[in-house]
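Enquirer: My questions all concern the structure below.
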Amino acid sequence: MPTFLQQLHVDWPAASERAATEALRSLALAELSPARDGEALPPGVLGTVCLKEVMQERGRAGGYDPNLDKCLVTEDLLCALAELQEAVRHGPGDGPPGLAEAADADAGGCMVVHVVSCEEEFQQQKLDLLWWKLDEQAPLTQKHLVCGPVKAAGAPGALTAPEYYEPPGSLFSTLRLRHAQVCKASARKRGRELARDPAWTEVVRVLSVATIKFEMLSTAPQSQLLLALAGGSISTKGTKSGTFVMYNCARLATLFEGYKHSTEQGRYPTFPPVSSLNFSLLQDEGEWLLLFNGVLPFPDVLSQTAALACAAPGLHATARTETMCKFLVQLSMDFSSYYNRIHILGEPRPHLFGQMFARLQLLRAVREVLHAGLAMLGLPPLNHI
């Protein structure tokens, strides 16, 4: 799984957990209850621990499954715990927004959020409590962000994450669906020869990652996600995907590159100070939509999406990743509609420059919003598609 996460531009500690696992094993052998006389532990089990006692010691019963009781501690469980320790050790120093307000946050501001499927929540709660039992330096604040099930419509049997997205060059790839779809769309739009050009490799990779991230994050985390795999296709003109957002970022980049080129040729004057612009010349309804539905509300959308609900008491946290995805798609739709109707770079006549500069400044703000939103999702904007 770490390799798959790296392909999606998700940071994950690459350090080996072997030493940490050995240390945990020593602690486990000292802390865990051995088998009773006449009883034999199952193969691979090091001992047992009563998780209800751990909850009582910590005073943290709220939110945990009431069926949590005796836990069989295995080598695999210790390996998973060692991986969590490494993630905390090598993780970023800044906590998420809202952490400082959490009543039970560590003095150092460290919080662990377990992002776990609904099927694995019970097992992850075991790991959470076992961490407290075996590690005195375990983060005091641990929250669980439970994600709904992921269903793949049309997939022949179960679909693993590496099968869902595999980059070129993998000898063990059995399904490179999203990457292949983006390549096919590029070939239709730009021609097969250009689609095979090495210069397009990075563009196709970023588009594949954007497709997957928007596909997964556009649904509320706690809801079921249905992936449409069979017979699907990717299009830059489709208004429901990350490729559509990327496409409109590229259109904005082309617009400003065109203005720069025309300025260098003397067709247009250099951009004047923003304070001198006459924004009353922005009278088209599409311009008001971009301003009041896109640029102005963006700080609030950003804070809503970025802030995990960690300050609330209890075990579980909530996230609103779908808010940012839907916002970026809607902003791209509004921009696309406006850009298709309005010719921004008009005739080089002095009486038209005022309106052109006002429009360019508005679209600069739109571009900054799109770039900031994509950055939050770990996606770089593209200058061409």
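Enquirer: Of all the residues that make up the stretch 276-307, how many are under 30 Å from Met376 (Cβ atoms) and part of a helix (DSSP H, G or I)?
Expert: The number of residues fulfilling the criteria is 21.
Enquirer: Give Leu41, Leu46, Leu72 a once-over and let me know the one that is open to solvent by 50 Å² or more (accessible area, probe 1.4 Å), farther than 19 Å from His316 by Cα, in a strand (DSSP E or B) and not charged (D, E, K, R).
Expert: Step by step, each of Leu41, Leu46, Leu72 is checked, and only Leu72 is open to solvent by 50 Å² or more (accessible area, probe 1.4 Å), farther than 19 Å from His316 by Cα, in a strand (DSSP E or B) and not charged (D, E, K, R).
Enquirer: What single numbered condition from (1) of a type outside the set (A, V, I, L, M, F, W, C); (2) in contact with a Gly (Cβ under 9 Å, 6 or more places away or on another chain); (3) open to solvent by 20 Å² or more (accessible area, probe 1.4 Å) fails to hold for Tyr338?
Expert: With respect to (1) of a type outside the set (A, V, I, L, M, F, W, C); (2) in contact with a Gly (Cβ under 9 Å, 6 or more places away or on another chain); (3) open to solvent by 20 Å² or more (accessible area, probe 1.4 Å), Tyr338 is out only on (3).
Enquirer: Of all residues being at pLDDT 70 or above and surrounded by 18 or more Cβ atoms within 10 Å (Cβ to Cβ) in the stretch 308-319, which is nearest to Gln125 (Cα to Cα)? Just the residue, please.
Expert: Leu315
Enquirer: Right, next: Using the structure shown, decide if Met324 is over 25 Å from Ser241 (Cβ atoms) and either assigned to a helix (DSSP H, G or I) or within 27 Å of the chain's Cα centre (by Cα) (or both).
Expert: In short, no.
Enquirer: Further question: Exactly one condition in (1) open to solvent by 20 Å² or more (accessible area, probe 1.4 Å); (2) polar (S, T, N, Q); (3) modelled with pLDDT of 85 or more is not met by Asn248; state its number.
Expert: (1)
Enquirer: Further question: Only helices (runs of 4 or more DSSP H) wholly contained in the stretch 97-215 count here; list those with 1 or more residues that are under 27 Å from Leu379 (Cβ atoms) and either open to solvent by 70 Å² or more (accessible area, probe 1.4 Å) or modelled with pLDDT under 65 (or both).
Expert: Ranges flagged: 161-164, 177-190, 192-195.
The values are calculated or read from the model by the stated rules, or taken from the named source; none is laboratory data. On a predicted model such as this, the values are computed, not experimentally measured, just so you know. As a convention, Cβ positions derive from the backbone with ideal geometry for all residues, glycine included, and neighbour counts pool all protein chains shown. Please note that ligands, DNA and RNA were not included when accessible areas were found on the heavy atoms of the full protein model with its side chains. Shrake-Rupley method; radii C 1.70, N 1.55, O 1.52, S 1.80 Å.
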